[in-house]
Structure formats: structure tokens, C-alpha cells
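In what follows, a structure is listed as C-alpha cells, so that the remarks can point back to it.
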Amino acid sequence: MADLAMPARTDAPPPTRRLIAVGTIRRTGGRTITVRATAAGVTGTSRPAVKP
């Protein structure tokens, strides 16, 4: 398979910060709550906990 990666620009300064994503999973009260935040926005779900 061809390598389609673009070379980095050499004339641009490096970014000062680059946060890709942050998230958390919490299991409480018989529910599983997930939250994920990116530069594009925040998403989340609340579902019944999965029983083994």
C-alpha cells in the first residue's frame, strides 16, 4: 500500500498546544455515563449498566 502521509511544513512554527480528545467513563447507580470532548464539541451517552 502506498504511503500517503504528507510531509510536515518546515516554514510553520509548531503548535503551542494540541489537545486531541479527553473523555471519562463513570459507572454509578446502575448506569454507565460516557463523555468525550474534542475541539469540535462534546458528546456523551447515558445507558443502563451491562450486567455480567
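The values are calculated or read from the model by the stated rules, or taken from the named source; none is laboratory data. These figures come from a predicted structure and were not determined experimentally. Virtual Cβ from ideal backbone geometry, glycine too; neighbours counted across all protein chains shown.
Would you confirm, using the coordinates I've provided, whether A37 is surrounded by 11 or more Cβ atoms within 10 Å (Cβ to Cβ) and at pLDDT 90 or above?
Working: surrounded by 11 or more Cβ atoms within 10 Å (Cβ to Cβ): yes; at pLDDT 90 or above: yes.
Here the answer is yes, as A37 does meet what is asked.
I'm checking my understanding of the structure. Among residues of the stretch 14-34 that are among the basic types (K, R) and outside any strand (DSSP E or B), which one is surrounded by the fewest Cβ atoms within 10 Å (Cβ to Cβ)?
Of the stretch 14-34, the ones among the basic types (K, R) are 17-18, 26-27, 31.
With outside any strand (DSSP E or B) added as a condition, the list becomes 17-18.
Working: R17: 4, R18: 7.
Filtering first and then ranking leaves R17.
Which pairs turn up if I take residues in the stretch 17-31 that are farther than 20 Å from G41 by Cβ and look for partners that are assigned to a loop (DSSP other than H, G, I, E, B) with beta carbon separation below 8 Å, at least 6 apart in sequence or on another chain?
Correct list of pairs: R27/A49; G30/A49; R31/A49.
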